[in-house]
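Each reported figure results from applying straightforward, stated rules to the coordinates on display, with no laboratory input. What you see is a predicted model; the values in this text were computed from it and never measured. Counting neighbours? That spans all protein chains shown, and the Cβs are built from the backbone with ideal geometry, glycine included.
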Amino acid sequence: MAGTSLEEIVMACQGASLSNLEDPESSIQVTGVPLDSRAVTQRDLFACVIGVHDDGHQYADEAVRKGACALLVERKLEHAIPQILVPNVREALGPASSVIHGEPSKKLKVIGVTGTAGKSTTVQVLADVLERCGTTADVLGTLTGDYTTPEAPELQRSLAKIRDENKEWACLEVSSHALEFDRVKGVDFEATVFTNLSPEHLDFHEDMEAYFQAKRRLFDFECPVAVVAVSDAWGKRLASELRGIGHEGLVVVDPQLIGNPKLTRSGSSFVWRGQEIETPFLGAFNLMNLLVAAETLRALGWQQEVIVEGLTHVSPVKGRMEPVTVPNSDLVVIVDYSHKPEALKEALRAVRGLCDRRLWVVFGAGGDRDPSKRPLMGAIATQLADEIIVTSDNPRSEVPIEIANEIAEGVGSSGTPYRIVLDRGEAIDTAITEAQPGDLVLIAGKGHETYQIVGEQRLPFDDAAVSRDALMRRRESNIP
């Protein structure tokens with residue numbers, strides 16, 4: 001990698017100044033901008049980010065010892081190496097990372113999707129349909145990394161990789177954390193998209209208003225197209241605000257554009273702007289995700305016939321309302337990523353309509369995450385399921401039984417049968433073993449994830465694989 005001069009980085013960062021450059025002719029070339037001093041290598045610009053618990057300026061000594069060629073700082077430090085002084089290191093990190101990687105988003109067409117639910121499905125559908133439209137696209141988000149939206153250096157590096165693979169489009173999930181921490185600064189967007197908003201991350205955001213304002217920041221970017229789904233009050237408010245400031249590229253996506261919806265165990269169909277679309281996606285909420293993707297592509301200039309053809313052939317997203325099957329099974333099992341109250345409600349509503357007899361749900365709640373949602377999820381399960389098994393779901397540093405008991409508080413004295421089975425594998429096996437022919441079992445919470453986080457360990461665990469094994473044991477036990 002050739003590298004980028006300190007002067008170029010200064011020009012990219014608003015309000016930046018450069019000091020300690022003894023020889024202006026030396027032209028130091030920077031190849032990376034890590035936040036972690038332990039990851040610093042030669043020719044790196046170490047970013048002294050001030051975080052919630054740590055101040056990166058305290059780790060500058062270690063970064064210099066490891067070979068940092070310069071420091072990105074908010075206050076001048078007692079080091080002889082060059083320092084780029086900025087008002088806010090986090091705000092500067094995106095533009096700095098972008099210029100170091102050759103401003104990849106200027107060579108790409110980037111679609112950013114934010115919202116509480118539907119981001120992963122929407123970006124995957126967008127990318128798949130774009131590929132079927134004859135162009136090239138890739139996805140960055142929950143399905144491709146550990147974080148919905150990575151820190152700016154990794155994000156820009158990933159965009160550069162997509163650019164270097166000669167792809168034209170990048171479809172990017174944008175989380176509220178990413179917007180709050182300026183991770184997408186330095187990204188040029190072709191379109192920004194809002195799916196919906198419901199309570200989530202309230203352990204991080206002060207309240208729903210603060211959560212909305214974080215999501216709202218995506219629409220502060222100069223961007224030709226802004227797509228807003230108005231399926232809830234927050235979407236309607238955002239559309240009204242964007243209309244109020246005269247956003248010329250505003251596209252409002254009304255759920256009423258979904259005509260004649262039909263939902264079955266094998267998929268769904270609906271009419272969009274006069275044309276019928278048949279899809280293997282399950283659930284009414286997925287029709288909204290498909291509609292948002294379709295309206296986004298239409299706003300970007302794609303012909304309706306091409307979009308419809310693409311949507312008809314798009315495959316379901318792994319871990320999103322994913323049926324788990326084995327030959328000759330007498331039971332329907334579905335794995336879904338629904339780990340938030342509203343998502344669990346939508347998933348249960350969707351599968352209720354596909355269930356001949358009793359509806360089982362196996363779910364938990366993540367540790368070290370917003371605890372207020374736990375009893376809400378218990379109450380939702382009580383309202384919509386017939387049999388409830390509460391289990392563990394990435395307990396992290398918390399005690400699993402304490403999380404389960406908080407969920408159980410929401411079940412209360414409703415009379416809905418429930419039990420706590422902390423071993424997730426055992427919980428899935430119990431539901432699949434005890435369910436009767438014609439029942440449906442929803443395994444909720446982990447979806448595509450192939451691990452369980454216990455303490456600081458990431459242990460192998462795959463809901464779909466565990467469910468498939470349980471179905472095979474069930475089938476074999478029923479063979480005379």
What is the magnitude of the charge dipole of segment 60-192 about its Cα centre, with +1 placed on the Cβ of each Lys and Arg, -1 on the Cβ of each Asp and Glu, and no other charges, expressed in debye to the nearest 20?
-> 200
Please work out the C-alpha center-to-center distance from segment 81-130 to segment 272-295 and express it in whole Å.
-> 27
Equivalent ellipsoid semi-axes, segment 334-478, via Cα gyration tensor eigenvalues times 5, rooted, Å | 22, 19, 13
With a cut-off of at most 16 other beta carbons within 10 Å, and DSSP calling the residue loop, which GluC sites (Glu not before Pro) in segment 392-480 qualify? Please list them.
-> Glu456
In degrees, nearest 10, the alpha-carbon axis of helix 424-434 is tilted away from the dominant principal axis of the alpha carbons of the chain by 20
Burial ranking of peptide ranges 96-102, 255-261 (average Cβ count within 10 Å, highest at the top) = 96-102, 255-261
Segment 329-391 - Rg (one decimal) and Dmax (whole number), Cα, Å = 11.8, 38
Total charge of the residues flanking Gln42 in space, meaning their Cβ is under 15 Å from its Cβ, with Lys and Arg +1 and Asp and Glu -1, is +2
On a 0 to 90° scale, report how tilted helix 463-478 is relative to the longest principal axis of the chain, with both axes built from alpha carbons and the result rounded to the nearest 10.
-> 20
Along segment 317-334, Karplus-curve 3J(HN,Hα) (6.51, -1.76, 1.60; θ = phi - 60°) to the nearest Hz, with x for Gly and Pro, reads 7, 4, x, 10, 6, 8, x, 10, 10, 9, x, 6, 7, 9, 9, 9, 10, 10
Just the Kirkwood number for segment 172-246, please: inverse of mean 1/r across all distinct Cα pairs, in Å, one decimal.
-> 12.8
About the Cα centre, charge dipole magnitude for the chain (Lys/Arg +1, Asp/Glu -1 at Cβ), debye | 1040
Could you give the size of the charge dipole of segment 104-313 about its Cα centre, using +1 on the Cβ of each K and R and -1 on the Cβ of each D and E, expressed in debye and rounded to the nearest 20?
-> 340
For segment 398-424 and segment 226-262, distance of Cα centres in Å = 38
For the residues Met11, Met321, what sequence is obtained by ranking on other C-beta atoms within 10 Å, fewest first?
-> Met11, Met321
Counting pairs of Cα atoms in segment 6-69, how many percent are more than 19 Å apart?
-> 35
Please determine, in degrees from 0 to 90 and to the nearest 10, the orientation of helix 284-299 with respect to the longest principal axis defined by the Cα atoms of the chain, where the helix direction is its Cα long axis.
-> 40
Listed pairs Lys262/Lys373; Lys318/Lys446; Lys106/Lys185; Lys119/Lys446; Lys345/Lys446 exceeding 20 Å between Cα atoms | Lys262/Lys373
Rg to Rh quotient for segment 281-364, alpha carbon positions, Kirkwood Rh = 1.05
Loop GluC sites (Glu not before Pro), segment 240-316, which have at most 15 other Cβ atoms in a 10 Å radius of their Cβ (DSSP) = Glu248
Return the Cα extents of the chain along principal axes one, two and three, sorted largest first, each rounded to a whole Å.
-> 83, 52, 41
Rounded to the nearest 500, what is the 222 nm mean residue ellipticity of the chain from helices alone, with -39500 (n - 2.57) per DSSP H run of 4+ residues and division by all residues?
-> -10500 deg cm²/dmol
Please arrange Thr192, Thr116, Thr31 by counting, for each residue, the other beta carbons lying within 10 Å of its beta carbon, fewest first.
-> Thr31, Thr116, Thr192
Listed peptides 225-231, 12-18, 185-191 by packing density, highest first (mean Cβ within 10 Å) | 225-231, 185-191, 12-18
Based on the mean of other Cβ atoms within 10 Å per residue, sort peptides 279-292, 60-73 so the most packed one is first.
-> 279-292, 60-73
